[in-house]
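A.B. asks: Got a structure for you, questions after.
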Amino acid sequence: MQNHISPYERDISDQLTAIADQLAYELPPSLRRLDVSRFDRIVLTGMGSSHYATIPIERGLAARGLPVWRIDTGSLLDFPELITGKTLLWATSQSGMSGEIVALLNKLEGATRPATIIGVTNDEQSTLARRSDILVALKSGSEATVSSKSYVNTLIAAYRTALALRREDEAPLIAAVRAATAEFARLIDDRSAVQSIVNEAFLGDVEPRVALVGMGADGATTMTGALILKEACKVMAEGYLSGEFRHGPMETSGPGMITLLIGDGTDATLQALSEELTANGTEVVTIGPKAYVGSKQLQTSDSPEIVRLIAGMLYVQHFTILIARAKGLVPGEFIYGRKVTVTI
């Protein structure tokens, strides 16, 4: 198969433009006028990477003592009673047309409607955009297949929205992301470090197993990373939060597995996991500013958090492309699915 540039790879190359467009976008002033203390709860919902992008937001709101729930929209459809007339519903859907989101909005009519709906979406004419009280646009442009620039812009939009709700200044965050542009450009262009890991993994006859383990906010990268590895290169990859990997999945480790540890390099849980996995023959790779002992490292900046999350996802995107190539596939090409999942 010829290694032509796939639409997915073109989207990845276009991420800097998408980031710039999101940073230039002015958030609705009504976000800052909301008094989050008047809501009985804040419910964060979405599906897939749209949902995982709010993991850091859930943590940030909960750390401030706010009553926050993060629940995927499919589960929320099972018990919409979680939403009351005093709830702030923050719904994220890159298309604004995913089946679960549309079904939920149809269910939340009249007396069951929440007090306020914040809709975060790329399509400003979508169902989610039209039915939201406050629309936050992603400004990521068109996207051909697997989420790349739309996910990165969802992260940035989510952090900006959270700052607005807390009535905090977003200028430092915007400045930090803009300052990291050179780092992002380098990471997008240079696949050599990931290429060497993939080359080694495919020396044998057995396709490697992939696990992604992250702590805290980095859980957004592990969960989204596992999702896009399955979508873009058809490899069985699973994402885990905190110590979940020890509760059963540890038995699948050993030779033939690549484990990506995603964090700042200081967490004791991931440090111990790195040592044990390295000892049993697992290929262990740290994505972060400091390598866990015994692992290879894919370097990111130490801070701020949002920059580390974006950089980490750029490395995962390289894995999706290079594993697809190693398997003779077109990166990001759907076989059974499609870009917008409208079927529940």
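The values are calculated or read from the model by the stated rules, or taken from the named source; none is laboratory data. As the structure is a prediction and not an experimental result, all values here were calculated from the model. Methodologically, a virtual Cβ is constructed for each residue, glycine included, from the backbone with ideal geometry; neighbour enumeration extends over all protein chains shown.
A.B. asks: Could you list all residues from segment 202-234 that are out of contact with any helix residue (DSSP H, G or I) (no Cβ under 8 Å at 6 or more places or on another chain) and of a type in the set (A, V, I, L, M)?
C.D. replies: Leu203, Val206, Ala226, listed by residue number.
A.B. asks: Further, regarding this structure: Across segment 254-284, what is the total count of residues that are touching a residue at least 24 places away in the same chain (Cβ under 8 Å), of a type in the set (A, V, I, L, M, F, W, C) and not in a strand (DSSP E or B)?
C.D. replies: Here the count works out to 3.
A.B. asks: If the requirement is being surrounded by 24 or more Cβ atoms within 10 Å (Cβ to Cβ) and part of a strand (DSSP E or B), which of these qualifies: Val152, Val120?
C.D. replies: Val120
A.B. asks: A follow-up question, please. Any chance segment 66-76 includes a residue that's touching a residue at least 60 places away in the same chain (Cβ under 8 Å), surrounded by fewer than 24 Cβ atoms within 10 Å (Cβ to Cβ) and either of a type outside the set (A, V, I, L, M) or out of contact with any strand residue (DSSP E or B) (no Cβ under 8 Å at 6 or more places or on another chain) (or both)?
C.D. replies: Yes; the residues of segment 66-76 include at least one that is touching a residue at least 60 places away in the same chain (Cβ under 8 Å), surrounded by fewer than 24 Cβ atoms within 10 Å (Cβ to Cβ) and either of a type outside the set (A, V, I, L, M) or out of contact with any strand residue (DSSP E or B) (no Cβ under 8 Å at 6 or more places or on another chain) (or both).
A.B. asks: Tell me the residue from Ala237, Ala201, Ala211, Ala232 that is in contact with a Leu (Cβ under 6 Å, 6 or more places away or on another chain), crowded, with 16+ Cβ neighbours inside 10 Å and hydrophobic (A, V, I, L, M, F, W, C), please.
C.D. replies: Of Ala237, Ala201, Ala211, Ala232, the one residue that is in contact with a Leu (Cβ under 6 Å, 6 or more places away or on another chain), crowded, with 16+ Cβ neighbours inside 10 Å and hydrophobic (A, V, I, L, M, F, W, C) is Ala237.
A.B. asks: Do you know which residues across segment 1-50 are of a type in the set (Ser, Thr, Tyr) and farther than 23 Å from Ser147 by Cα?
C.D. replies: Ser30, Ser37
A.B. asks: Do the conditions hold for Ser30, that is, is it surrounded by fewer than 16 Cβ atoms within 10 Å (Cβ to Cβ) and without any contact (Cβ under 8 Å) to a residue 40 or more places away in the chain?
C.D. replies: Spelling it out, it is not the case that Ser30 is surrounded by fewer than 16 Cβ atoms within 10 Å (Cβ to Cβ) and without any contact (Cβ under 8 Å) to a residue 40 or more places away in the chain.
A.B. asks: Next up: Would you say Thr54 is of a type in the set (S, T, N, Q), modelled with pLDDT of 95 or more and in contact with a strand residue (DSSP E or B) (Cβ under 7 Å, 6 or more places away or on another chain)?
C.D. replies: Judged against the criteria, Thr54 is a match.
A.B. asks: Mind listing just one residue for me: the one in segment 79-117 that is within 20 Å of the chain's Cα centre (by Cα) and outside any loop (DSSP other than H, G, I, E, B) and, of those, nearest to Ser49 (Cα to Cα)?
C.D. replies: My answer is Thr92.
A.B. asks: If Ile287 satisfies every condition in (1) free of Cβ contacts under 8 Å to residues at least 60 places away in the same chain; (2) crowded, with 19+ Cβ neighbours inside 10 Å but one, which is the exception?
C.D. replies: Single failed check for Ile287: (1).
A.B. asks: Turning to a different aspect of this structure: In the list Ala175, Ala144, which residue meets the criterion of being modelled with pLDDT under 95, farther than 16 Å from Leu309 by Cβ and of a type in the set (A, V, I, L, M, F, W, C)?
C.D. replies: Among Ala175, Ala144, only Ala144 is modelled with pLDDT under 95, farther than 16 Å from Leu309 by Cβ and of a type in the set (A, V, I, L, M, F, W, C).
A.B. asks: Continuing with the same structure: Based on this model, can you work out whether Ala226 counts as in a helix (DSSP H, G or I) and surrounded by fewer than 22 Cβ atoms within 10 Å (Cβ to Cβ)?
C.D. replies: No: the conditions fail for Ala226.
A.B. asks: Could you please tell me which pairs satisfy a Cβ distance under 7 Å, a separation of 6+ or placement on different chains, a first residue in segment 293-317 that is in the same structural domain as Gln271 (by TED's automatic domain parsing) and in a helix (DSSP H, G or I), and a second residue that is surrounded by fewer than 24 Cβ atoms within 10 Å (Cβ to Cβ) and polar (S, T, N, Q)?
C.D. replies: The qualifying pairs are Val307/Ser301; Arg308/Ser301; Ala311/Ser301.
A.B. asks: Taking interchain pairs and intrachain pairs at least six residues apart, which have beta carbon atoms under 9 angstrom, with the first residue in segment 162-190 and in the same structural domain as Leu23 (by TED's automatic domain parsing) and over 20 Å from Leu298 (Cβ atoms) and the second among the acidic types (Asp, Glu) and modelled with pLDDT of 95 or more?
C.D. replies: Ala162/Glu168; Leu163/Asp169; Leu163/Glu170; Ala164/Glu170
A.B. asks: Quick one: how many residues across segment 133-149 are assigned to a loop (DSSP other than H, G, I, E, B) and either assigned by TED's automatic domain parsing to the domain that holds Lys230 or not hydrophobic (A, V, I, L, M, F, W, C) (or both)?
C.D. replies: Of the residues in that region, 9 qualify.
A.B. asks: Go through (1) at pLDDT 90 or above; (2) out of contact with any strand residue (DSSP E or B) (no Cβ under 7 Å at 6 or more places or on another chain); (3) closer than 14 Å to Gly214 by Cβ one by one and return the number of the condition Ser242 breaks.
C.D. replies: It fails just one condition, (1).
A.B. asks: At least 1 residues that are hydroxyl-bearing (Ser, Thr, Tyr) and over 18 Å from Thr286 (Cα atoms) in each: list the helices (runs of 4 or more DSSP H) lying fully within segment 157-220 that qualify.
C.D. replies: Those helices (runs of 4 or more DSSP H) span 181-189.
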